[in-house]
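Here the structure is laid out as structure tokens; the discussion comes afterwards.
The values are calculated or read from the model by the stated rules, or taken from the named source; none is laboratory data. This is a predicted model, so every value here is computed, not measured. When we count neighbours, we look across all protein chains shown, and the Cβ atoms used for this are built from the backbone with ideal geometry, even at glycine. Please note that ligands, DNA and RNA were not included when accessible areas were found on the heavy atoms of the full protein model with its side chains. Shrake-Rupley method; radii C 1.70, N 1.55, O 1.52, S 1.80 Å.
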Amino acid sequence: MTYCLLLLSVVAVTAAVPVPRVLTRAKWPEREPVVALWVWQCLVATVLLCCLTALALGAAAVFGTVRAQLFAPAPPAVTAAYDLSAASPWTTVLTVLLASGAAWTTAMLGRELVEARRRRTRAREHLRDRAPDLPAGLPEGRGPLLVLEEEYPDAWWMPGSPPQLIVTTGALQRLTDHQLDAVLTHERGHARARHDWLLHLSTALATGFPRVPLFAHFCEQTHRLVELSADDTASRRCGHLTTALALIELNQHRGVLSCASSHRLLGERVDRLLEPPPRLDRRYRALTTGAAALVPLVPLLITFAPGLTALP
């Protein structure tokens, strides 16, 4: 068991510290944001699985009741292969730390979901107040599309039940039909990919563990890559130039081409749409996706290897 815990620690530290720093410096994620999002999720899953499996092994070594429950269906040879009878002091300390981290992670995820639901509730109440009065017999702001009277052009997707796409009259007046189609396709891309759940997860992990490089970079890159992914969805349907012009029209009053850090991503997105980078070839995309999917299996292989080798 000691070797398993050491190997799990090495894998977790490697996936949490050096690998994210290398990935943030790479240029290919800008060309394939969907694949890059998948790689980030696999890295996070690897670290979480390392922690969970290490917690299970440590708890089985420290607490006899946990050991009895986890290894109840296993043959005696499998239980003996893990050598759980004598738990060292560092195993106890590690188990306590991992249990605390698991509880803290759960609390952060729960808080993020509760706050997100509260924000959506406030936003819906605000939208109901701003929504124009409709003739009698029509539902008030309950359809999939809601038009607000607002001079500034804007459009956004509000997840929830039911989900709604909100467009201002300023956007309807300023955008052409093709540009409006690009905006709607962009927002539908967010909705179909459930980017809101990915953003909640990355925000919760970064808030709960701000000093872990993986979680900090995961949050930062997720906010960036989901926008690039939705831009690609819109540009494939409506064209790169149309999507770029729609983005400029929607954000001109915010300073889309400003050098300020808060607007830098908008400028990068416009530049990327005006000069789209070439996509990676299909073989490289498949290899990257497949290799990333195999990485979370490493902690499982480390955990189950002693038991599998002990089977007759």
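Considering the conditions (1) open to solvent by 20 Å² or more (accessible area, probe 1.4 Å); (2) touching a Ser or Thr at 6+ places or on another chain (Cβ under 9 Å); (3) without any contact (Cβ under 8 Å) to a residue 40 or more places away in the chain, residue 148 is excluded by exactly one of them, (1). Could you please let me know if residue 299 is in a helix (DSSP H, G or I), modelled with pLDDT of 95 or more and surrounded by 15 or more Cβ atoms within 10 Å (Cβ to Cβ)? Yes; evaluated as a whole, the condition is true for this residue. Looking at region 282-290, is at least one residue surrounded by 13 or more Cβ atoms within 10 Å (Cβ to Cβ), among the polar types (S, T, N, Q) and modelled with pLDDT of 95 or more? Taking every residue of region 282-290 in turn, at least one turns out to be surrounded by 13 or more Cβ atoms within 10 Å (Cβ to Cβ), among the polar types (S, T, N, Q) and modelled with pLDDT of 95 or more. Of the residues 106, 168, 121, the single one that is modelled with pLDDT of 80 or more, out of contact with any helix residue (DSSP H, G or I) (no Cβ under 7 Å at 6 or more places or on another chain), loosely packed, with under 12 Cβ neighbours inside 10 Å and of a type in the set (Val, Ile, Thr) is 121. Within region 271-291, the residues that satisfy the criterion of being under 17 Å from residue 27 (Cα atoms) and in contact with a helix residue (DSSP H, G or I) (Cβ under 8 Å, 6 or more places away or on another chain) are 272, 273, 276, 277, 278, 279, 280, 285, 288, 289. For region 1-22, a residue qualifies if it is within 16 Å of residue 216 (Cβ to Cβ) and open to solvent by 20 Å² or more (accessible area, probe 1.4 Å), and the qualifying residues are 13, 17, 18, 19, 21, 22. Applying the set (1) in contact (Cβ under 8 Å) with a residue 40 or more places away in the chain; (2) over 30 Å from residue 226 (Cβ atoms); (3) surrounded by fewer than 22 Cβ atoms within 10 Å (Cβ to Cβ) to residue 28 leaves exactly one unmet item: (2). For residue 187, the conditions (1) open to solvent by less than 30 Å² (accessible area, probe 1.4 Å); (2) outside any helix (DSSP H, G or I) are fulfilled apart from (2). Show the residue pairs meeting these rules: Cβ distance below 7 Å; 6+ apart or different chains; first residue within region 75-101 and open to solvent by 50 Å² or more (accessible area, probe 1.4 Å); second residue assigned to a helix (DSSP H, G or I) and not hydroxyl-bearing (Ser, Thr, Tyr). Sorted first by the residue in region 75-101, then by its partner, the pairs are 77/310; 92/62. Can you pull out every residue in region 124-162 that is in a loop (DSSP other than H, G, I, E, B), out of contact with any His (no Cβ under 6 Å at 6 or more places or on another chain) and modelled with pLDDT of 80 or more? Within region 124-162, 149, 150, 151, 153, 154, 159 meet the criteria.
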